[in-house]
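S.K.: The structure that follows is given in the form of structure tokens.
The values are calculated or read from the model by the stated rules, or taken from the named source; none is laboratory data. Note that the coordinates shown come from a computational prediction; the quantities given were computed from them, not determined experimentally. Methodologically, a virtual Cβ is constructed for each residue, glycine included, from the backbone with ideal geometry; neighbour enumeration extends over all protein chains shown. Just the protein is used for accessible areas: all its heavy atoms, side chains included, with ligands, DNA and RNA removed. Shrake-Rupley method; radii C 1.70, N 1.55, O 1.52, S 1.80 Å.
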Amino acid sequence: MQLVDLTKHFGKVKALDGLTLDIAQGELVALLGPSGCGKTTALRSLAGLQELDRGQMIVDGKDVTFQNANKRGMGMVFQAYSLFPHLTAGENVEYGLKLRAHKASADKRKHRSTELLEIVGLSTHRNHYPHQLSGGQQQRIALARALAISPKVLLLDEPLSALDAKVRTQLREEIRRIQLELGTTTLFVTHDQEEALSIADRVGVMRNGQLEQIAVPSELYDRPSTAFVAEFVGLTNPIQGKVSAGSIDILGGSLKVLPGSITSGTGIALVRPESIQVESNKSGEARIFSASFLGASCRLMITLSDGTRITAQMPSSESVGLVAGASVNVSVLDLPVFVKAVT
């Protein structure tokens with residue numbers, strides 16, 4: 001699937017500004033970014049729900065740019081479930097198969113809905129109405145309905161944001177399992193970074209209608225190509241230092257700078273909290289001013305000798321004795337960092 005030079009203006013606002021993106025067959029790509037970055041406009045344009053000012057959309061080698069939404073073979077799952085309240089779970093799943101473009105016999109519809117309900121783990125809920133289902137169950141039905149028509153592309157528009165944290169985690173894992181099992185090409189739009197990084201083959205970070213960077217999750221996190229991506233994805237500590245010969249000197253160490261960083265002068269290294277090493281030392285010049293237990297990990301807020309405050313994060317098992325008020329030594333792991341200019 002290819003999105004080529006997608007452009008859309010709403011008055012003076014550029015929702016999409018020449019967005020180009022290739023998605024391989026069977027790939028799950030997540031679009032991530034702040035509100036207004038254009039990710040939902042891109043999804044709605046692909047679904048046929050939003051006209052473009054310019055651009056081309058190609059699916060399975062066919063140009064669908066000017067096709068009606070019901071001719072594109074897209075399956076879409078919305079944030080608000082959008083189930084038909086007067087239909088049972090089974091009837092909701094079968095709905096798309098009754099439409100002219102997907103008309104099938106009653107037996108085939110029932111067989112397909114049974115198959116999908118089994119895949120989403122709700123085969124015993126066929127005769128339940130939406131009001132008899134939990135939020136997570138309703139979203140599973142919405143997913144099954146979207147998949148029933150064997151879509152060329154599955155579009156997920158923040159489908160988990162209305163659910164509580166535990167259900168959201170469980171359901172995102174189910175979505176990934178089902179997507180891999182069926183091999184459906186999928187575009188997933190979300191505000192949730194953990195969600196995107198945990199299930200996507202690649203994650204695209206959008207800003208002002210354009211892709212800042214698209215990469216596999218580990219590369220996006222460890223090797224951001226712009227300051228915006230480095231600061232937007234995950235947490236960072238801005239630490240000032242001198243840049244020369246492709247390195248920056250901070251916290252007693254010299255770290256290589258990532259491509260796209262400034263190459264000389266004074267810069268600000270964007271250092272991940274888990275790259276900060278902390279060692280208890282009564283004569284240490286840094287001091288812990290708060291410690292937060294997060295279950296498997298512990299987060300420390302530390303004041304350095306020059307007054308700079310930074311955040312360190314480590315496994316809870318390694319945080320014994322690191323409590324508020326403790327004096328510590330601080331260093332940094334020898335990992336490449338993105339360095340931006342001082343503004």
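S.K.: Trypsin sites (Lys or Arg not before Pro), restricted to region 1-81: which are DSSP loop and have at most 15 other Cβ atoms within 10 Å?
M.R.: Lys12
S.K.: Now for a different question. Got a sec? Charge dipole of region 132-202, +1 on Cβ for Lys and Arg, -1 for Asp and Glu; which of Gln193, Gln139, Val167 is way out at the positive end?
M.R.: Farthest towards the positive end: Gln139.
S.K.: Which is the longest run of the chain containing none of the chymotrypsin sites (Phe, Trp or Tyr not before Pro) found in DSSP loop states (not H, G, I, E, B) with at most 16 other C-beta atoms within 10 Å?
M.R.: The longest such stretch corresponds to 79-343.
S.K.: Using protein chains only and a probe of 1.4 angstrom, how many square angstrom of Thr226 are accessible, to the nearest 10?
M.R.: Approximately 40 Å² of Thr226 is accessible to the 1.4 Å probe.
S.K.: On alpha-carbon atoms, Rg over Rh for region 66-136 using Kirkwood Rh?
M.R.: Rounded to two decimals, Rg over Rh is 0.98.
S.K.: Now for a separate question. How many Å² of accessible area per residue for region 106-198, probe 1.4 Å?
M.R.: Computed with neighbouring chains in place, this is 45 Å² per residue.
S.K.: Over all Cα pairs of region 50-188, how is the pair count split among 5 Å bins, expressed in % and running from 0 up to the last occupied bin?
M.R.: Values per bin, smallest distances first: 2, 10, 20, 22, 21, 13, 8, 4, 1, 0.
S.K.: Let me understand the chain better: what is its radius of gyration from the alpha carbons, and its Dmax, in angstrom?
M.R.: My reading of the Cα-based Rg and Dmax gives 24.1, 79 Å.
S.K.: Using every pair of alpha-carbon atoms in region 229-343, split the distances into 5 Å bins beginning at 0 and state the percent of pairs per bin, rounded to integers.
M.R.: Taking all Cα pairs of region 229-343, the binned fractions are 2, 12, 23, 22, 18, 13, 7, 2, 0 percent.
S.K.: Using the crude model of +1 on Lys and Arg Cβ and -1 on Asp and Glu Cβ, and no other charge, please compute the dipole size for the chain relative to its Cα centre, in debye to 20.
M.R.: 980
S.K.: So, one more: Report, in listed order, any pair from Lys108/Lys152; Lys14/Lys62; Lys12/Lys340 with a Cα-Cα distance greater than 21 Å.
M.R.: Lys14/Lys62; Lys12/Lys340
S.K.: Over the chain, with a Gaussian network built from C-alpha contacts below 10 Å, which listed residue (Glu27, Glu279, Glu51) shows the highest mean-square fluctuation?
M.R.: Sorting by GNM fluctuation, first place goes to Glu279.
S.K.: Expressed as cubic angstrom per residue, what is the convex hull volume of the alpha carbon set of region 1-90?
M.R.: Convex hull of Cα atoms, per residue: 137 Å³.
S.K.: Quick one: P(r) of region 14-66 from all Cα-Cα pairs, 10 Å bins, percents rounded to integers, in order of increasing distance.
M.R.: Distribution as computed: 21, 58, 21, 1 percent.
S.K.: Another one. At 1.4 Å probe size, with every protein chain present, just tell me what the per residue accessible area of region 234-275 comes to in Å².
M.R.: Accessible area per residue: 45 Å².
S.K.: Using the 2.2 N^0.38 Å rule of thumb for compact globular proteins, work out how region 99-160 stacks up: its C-alpha Rg over that value, please.
M.R.: Relative to the 2.2 N^0.38 Å estimate, region 99-160 comes out at 1.15.
S.K.: Let me ask something else. Considering only protein heavy atoms, what per residue accessible area in square angstrom results for region 1-54 with a 1.4 angstrom probe?
M.R.: 43
S.K.: DSSP loop GluC sites (Glu not before Pro) in region 185-267 with at most 16 other Cβ atoms within 10 Å of their Cβ, which ones?
M.R.: Here no loop site has a sparse enough neighbourhood.
S.K.: Measure off, as a whole percent, the carbon and sulfur share of the 1.4 Å-probe accessible area of the chain, all protein chains present.
M.R.: Here carbon and sulfur together make up 50 percent of the probe-accessible area.
S.K.: So how compact is region 164-287: Cα radius of gyration and Dmax in angstrom?
M.R.: 18.4, 59
S.K.: What value, in deg cm²/dmol to 500, does the helix sum -39500 (n - 2.57) over DSSP H runs of n ≥ 4 give at 222 nm once divided by the residues of the chain?
M.R.: My calculation for the chain gives -7500 deg cm²/dmol from helical runs alone.
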